[in-house]
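Each value in this text was obtained by applying a stated rule to the coordinates, not by laboratory testing. Here the structure is a predicted model, which is why all the values come from computation and not from measurement. Cβ placement follows ideal geometry from the backbone for every residue including glycine, while neighbour counts extend to all protein chains displayed.
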């Protein structure tokens, strides 16, 4: 019997892959808090005995179905087509979660939710998955999950519920990682470099920043129903990947009725206009024996 033991909304912004001196130059002399935050996230994963990561990847867009990647192992060398100067020739090698992927497809079929388990070894991975594995470690099993671009709010929640049931059937101690930003509008190119600092007042608009901060407070309170109710309004601020990474995670945790409270593991930061954060949800209480394992 598997269990979801943790969950988080996690920043993947490509600047985190730059060497520290470059990160500090991009930040106007200071480093991003996301790097230290990854250390806190790994500690939280270890404290609950997590052995498998489900990564909801906001750069992997699908169209006619929800898709999970169920290979036995992921190996390759990656260069970002978006920012080849920041992420280039990144070697990766980490275990997959084929049993969980197969169960996800099976549960989807039972429930009438279109799900495909893609096992082709040439399937392209994206940096919202690879950046997280780079910083959290390559020893954990990983199931990357795409965002179906034709889906709506209820589809994401329904698919998340499929993942939750698949975890229960497949076994393991699973941590859900919603890899993506919050409000997600970039500065125009002519202005972008003057807003490269990490401070939140460089987020694209004050209104977007205020909405992000409102959602952070609701997450701290565990009021996911209120976040869900804000979804139509929040879409005005273009949350990354339609906010599907959060909605799929929420569906796996029981839906809007979920009351799991969270805590920030980074500052709320800017990345060229977008709102970014690491935010961990305490699904289960960490135990001393787990932390020591």
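Rank 264, 199, 88 by mean-square fluctuation in a GNM of the chain with C-alpha springs under 10 angstrom and give only the top-ranked residue.
88
So if I restrict to the alpha-carbon atoms in segment 95-196, what is the Rg, and what is Dmax, the biggest pairwise distance, in Å?
When restricted to Cα atoms, segment 95-196 yields Rg and Dmax of 16.4, 51 Å.
Compute the helix-to-body angle for 127-136: its Cα long axis versus the longest principal axis of the chain, expressed 0 to 90° and rounded to tens.
The angle comes out at about 90 degrees.
Place a label point 7 angstrom from the Cα of residue 81 along the Cα-to-Cβ direction, then list the residues of segment 123-151 whose backbone nitrogen is under 19 Å away.
Answer for this model: 123-131, 145-150.
To the nearest µm²/s, what D does Stokes-Einstein give for the chain at 37 °C and 0.692 mPa s, using the Kirkwood radius over alpha carbon pairs as Rh?
D, rounded to a whole number, is 173 µm²/s.
Please list the radius of gyration and Dmax for segment 1-158, considering alpha-carbon atoms only, with Å as the unit.
Reported Rg and Dmax, both Å: 16.4, 54.
In a GNM of the chain with a 10 Å cut-off on Cα contacts, which of 123, 230, 189 has the highest mean-square fluctuation?
Maximum fluctuation in the GNM of the chain, among the listed residues, is at 189.
Using a Gaussian network model of the chain whose springs link C-alpha atoms within less than 10 Å, name the residue from 171, 255, 112 with the highest mean-square fluctuation.
Among 171, 255, 112, the largest mean-square fluctuation in the Gaussian network model of the chain belongs to 112.
Could you please rank 212, 46, placing first whichever residue has the fewest other Cβ atoms within 10 Å of its Cβ?
So the residues, fewest neighbours to most, are 46, 212.
Starting from the Cα gyration tensor of segment 163-293, take the square roots of the eigenvalues, sort them a ≥ b ≥ c, and report rounded, prolate or oblate (rounded when a/c is under 1.5, otherwise prolate if a/b is larger than b/c, else oblate).
It comes out prolate by the Cα gyration axes.
Give me the number: length gained by fully extending residue 213 to residue 61, i.e. 0.36 nm times residue separation minus the C-alpha to C-alpha distance, one decimal in nm.
Going from the current span to full extension adds 52.0 nm.
Between rounded, prolate and oblate, where does segment 1-80 land on the alpha carbon gyration tensor, with a ≥ b ≥ c its root eigenvalues, rounded for a/c under 1.5, else prolate if a/b exceeds b/c?
Here segment 1-80 falls in the oblate category.
Figure the gain on full extension for residue 31 and residue 189 (residue separation times 0.36 nm, minus the Cα-Cα span) and round it to one decimal in nm.
54.6 nm is the gain from fully extending residue 31 to residue 189.
Is segment 66-114 rounded, prolate or oblate when judged by the Cα gyration tensor, a ≥ b ≥ c being the square roots of its eigenvalues, rounded requiring a/c under 1.5 and prolate requiring a/b larger than b/c?
Here segment 66-114 falls in the oblate category.
Using per-residue counts of other Cβ atoms within 10 Å, averaged over each peptide, order 25-31, 114-120, 155-161, 172-178 from highest down.
By packing density, highest mean first, the sequence is 172-178, 155-161, 114-120, 25-31.
Per 0.36 nm of contour for each residue apart, how much would the distance between residue 92 and residue 22 grow if the chain were fully extended, relative to their Cα-Cα spacing?
Extra length from residue 92 to residue 22 when fully extended: 23.0 nm.
Just rank 100, 136, fewest to most, by other beta-carbon atoms within 10 angstrom.
Listing 100, 136 from fewest to most nearby Cβ atoms yields 136, 100.
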